Amino acid sequence: MNFKLIFFILLSGHISSFGQLVVTEKTWIEDLNLQGGLPEKLLSTRTAVFDDYTLTQKELLEIQSYFQRIGIDAIIHFELDILFASKDVTKAVSDYLVKREITNLIFIEKDEQAYRISITTFSGKENVVEPKQAAWSTSNRLLTEALKTLYTTAANQQKKQNLLINDLPETDAKIDPIVGKRNEFYATDLKVDPLAVPKTGDETIDKELEEIFQNNYPLKFKMTEPGVTEKELRRQGQLYVMGFIYTRGAVAKELLGYDMTKTESALLSVTYPDNQQQLKNIPSNTPVFKFYFKHIDSGNIFLGTKWDADVTWQQALLNYIRGMKAELRLN
């Protein structure tokens, strides 16, 4: 099978703030120990489900119907790629799972060859799951057959104790990664305060990242070591940190609080390929990078005055920096 879902967990167990760009990225399934059995309390505690966004409504209804028969109390469904959109988003999802008293996690992947169902426990931490933690998994080219395997396995191992289970999949949970205020402008304080730019741990990427800042960012910045928490950055005297989100364009805009009342097949983005502002149409389901700067103490984020996401991290970062220079009239 050729599942392409990226699980951005480093071997240390921490989600890197720039981990999506690391050359040694691994599929998340490789970080789980698939030799494990089903979670011990799968049929007596609450579960959150993360579904491939390409699953149809008919497939979601079939999945929820099987969960009901099995005794899996799937109280909420998310689109799977939301979980790994960014460090801030993953933390927001984790906080939501804690609040809803979730014990188990189900990941449902789909590609052109098969469906895969993987089940494990929620770590209760910001990383959602630990590397190498035990998980149960099955795959089949037919969704129904994969669900039947789950049904048989669960029935043979556990007694059904969850009785009141939703008929329909709940999919309307609001995940807000923005702790402070959301600002559609640039942080003028950066004219005085230096910006922390987290390294990825990959020398080639870090070199390119630093060169982009050296050649384009006219204000003070400091390259910081990979994996350093924002709390530690603040102890080091940093007030602002670079952040970003990487997921489908429509999902990125919604997570960052943009108006998504209109359904659009393509999103208009402002880009600066040669220091000249241009408009670019990007299909709404294309994964894009969107950068922002965050004030560490308040959690306030500064998105800039225009939607400037792009398909490569280099261009998306240049879009943000060049837009900032133009808006604040910086040389």
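The values are calculated or read from the model by the stated rules, or taken from the named source; none is laboratory data. Model, not experiment: these values are computed from the prediction. When we count neighbours, we look across all protein chains shown, and the Cβ atoms used for this are built from the backbone with ideal geometry, even at glycine. To get the accessible areas, we keep the full protein, side chains included, count just its heavy atoms, and leave off ligands, DNA and RNA. Shrake-Rupley method; radii C 1.70, N 1.55, O 1.52, S 1.80 Å.
Observations
- So residue 178, is it over 19 Å from residue 91 (Cα atoms), under 21 Å from the mean Cα position of the chain (by Cα) and among the hydrophobic types (A, V, I, L, M, F, W, C): no
- Any hit, segment 284-296, residues being free of Cβ contacts under 8 Å to residues at least 60 places away in the same chain, hydrophobic (A, V, I, L, M, F, W, C) and out of contact with any helix residue (DSSP H, G or I) (no Cβ under 7 Å at 6 or more places or on another chain): no
- Considering segment 242-331, the qualifying strands (runs of 3 or more DSSP E), each wholly inside and each with 2 or more residues that are at pLDDT 95 or above and open to solvent by less than 10 Å² (accessible area, probe 1.4 Å), run over 287-295.
- Test result for residue 146, closer than 30 Å to residue 38 by Cβ and either among the β-branched types (Val, Ile, Thr) or out of contact with any Gly (no Cβ under 8 Å at 6 or more places or on another chain) (or both): yes
- Of all the residues in segment 251-288, those that are farther than 18 Å from residue 53 by Cβ and hydrophobic (A, V, I, L, M, F, W, C) number 3.
Listed here are the residues, each with its yes/no results for (1) among the basic types (Lys, Arg); (2) open to solvent by 10 Å² or more (accessible area, probe 1.4 Å); (3) out of contact with any Pro (no Cβ under 8 Å at 6 or more places or on another chain).
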{"site": "94", "(1), (2), (3)": "no, no, yes"}
{"site": "103", "(1), (2), (3)": "no, yes, no"}
{"site": "125", "(1), (2), (3)": "yes, yes, yes"}
{"site": "130", "(1), (2), (3)": "no, yes, yes"}
{"site": "134", "(1), (2), (3)": "no, yes, yes"}
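- Condition check for residue 22: under 18 Å from the mean Cα position of the chain (by Cα), modelled with pLDDT under 95, more than 17 Å from residue 135 (Cα to Cα) and β-branched (Val, Ile, Thr): yes
- Odd one out for residue 186, checked against (1) within 22 Å of the chain's Cα centre (by Cα); (2) over 20 Å from residue 37 (Cα atoms); (3) surrounded by 17 or more Cβ atoms within 10 Å (Cβ to Cβ); (4) not hydrophobic (A, V, I, L, M, F, W, C): (1)
- Going through (1) out of contact with any Phe, Trp or Tyr (no Cβ under 7 Å at 6 or more places or on another chain); (2) closer than 26 Å to residue 315 by Cβ; (3) in contact (Cβ under 8 Å) with a residue 12 or more places away in the chain one by one, residue 142 falls short only on (2).
- Note on segment 46-81: among residues that are open to solvent by 30 Å² or more (accessible area, probe 1.4 Å) and assigned to a helix (DSSP H, G or I), the one that is nearest to residue 256 (Cα to Cα) is 81.
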